[in-house]
Amino acid sequence: GVSTAKVKWTATQEAETQIVYSTDSNQLNDANAKVSIAGVGGRRLAGEEHDVGLVGLSPNTTYYYKIVSRNALGFANDVVIRTIKTQDFTIQNISNITTTTTATVKWTTNIDSDSNVEYKQEAKIGEAAKDSQTAGDPKLAKDHEVVIKALKPDTNYTYKIRSVTGDKYISETQFLTFKTKPYDASQFTITPNASSIAEQNITATSAKIVWNT
């Protein structure tokens, strides 16, 4: 994953489940070096699968690890140093399209992740700061699209994209901005059609006229 990794193996004898790992391979052979240990405790019988999860790793980073699966006599069989490289995670191709009351924010990621946009109306001079809100989709995907609704026309908004991978690694963009469009009569088209115009609720002093735009 981006911030996690899983190591599995089997042993020919009953042994504990443990590995040591570091970003510096030299530290694994130094008894005084500070290395990370995972899977401390727990034993598996001969032939059973050992399973150790590493968490809190850095993205796009190579880690060196060594299995220390000691048997009942305290001997560890495997001294080979192996490597794991975590995945990179990036947010790219950001775009936004606005109307008078909506904004559609799109972006892509190289790994499946959810889609969230945190946004806030920019306060005008003399106004109190506005609260931020969030719109999004929990579905994991590489192509993301979030539609923000109920915005005010001709208004500036600040927003930030936030995506989370399946292994809970969070990536955020810097603060970005968009501005909704002002109301403009040219946005609307009225095409009268005799078949779609209806008169309703006609009284001596009023009438309700209905048409399509």
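The table for this structure:
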{"item": "Residues of segment 166-179 satisfying the condition of being at pLDDT below 95 and buried (at least 16 other Cβ atoms within 10 Å of the Cβ)", "result": "Asp167, Tyr169, Ser171"}
{"item": "Selection count where residues are open to solvent by 70 Å² or more (accessible area, probe 1.4 Å), touching a residue at least 40 places away in the same chain (Cβ under 8 Å) and within 13 Å of the chain's Cα centre (by Cα), scope segment 137-165", "result": "2"}
{"item": "Strands (runs of 3 or more DSSP E) (entirely within segment 28-111) containing at least 3 residues that are more than 27 Å from Phe175 (Cα to Cα)", "result": "36-38, 49-54, 62-67, 82-85"}
{"item": "Those residues of segment 112-136 which are open to solvent by less than 60 Å² (accessible area, probe 1.4 Å) and part of a strand (DSSP E or B), in sequence order", "result": "Ser113, Asp114, Ser115, Asn116, Val117, Tyr119, Gln121, Ala135, Gly136"}
{"item": "In segment 61-95, the residues that are of a type outside the set (Gly, Ala, Ser) and open to solvent by 80 Å² or more (accessible area, probe 1.4 Å)", "result": "Arg70, Leu73, Phe75, Asn77, Val79, Arg82, Thr83, Lys85, Gln87, Gln92, Asn93"}
{"item": "Selection count, segment 45-59, where residues are open to solvent by less than 90 Å² (accessible area, probe 1.4 Å) and either touching a residue at least 40 places away in the same chain (Cβ under 8 Å) or under 23 Å from Asp30 (Cα atoms) (or both)", "result": "9"}
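The values are calculated or read from the model by the stated rules, or taken from the named source; none is laboratory data. All of these numbers come straight from a predicted model, not from anything done at the bench. All Cβ positions, glycine included, derive from the backbone under ideal geometry; neighbour counts span all protein chains shown. Accessible surface areas use protein heavy atoms only, side chains included; no ligands, DNA or RNA. Shrake-Rupley method; radii C 1.70, N 1.55, O 1.52, S 1.80 Å.
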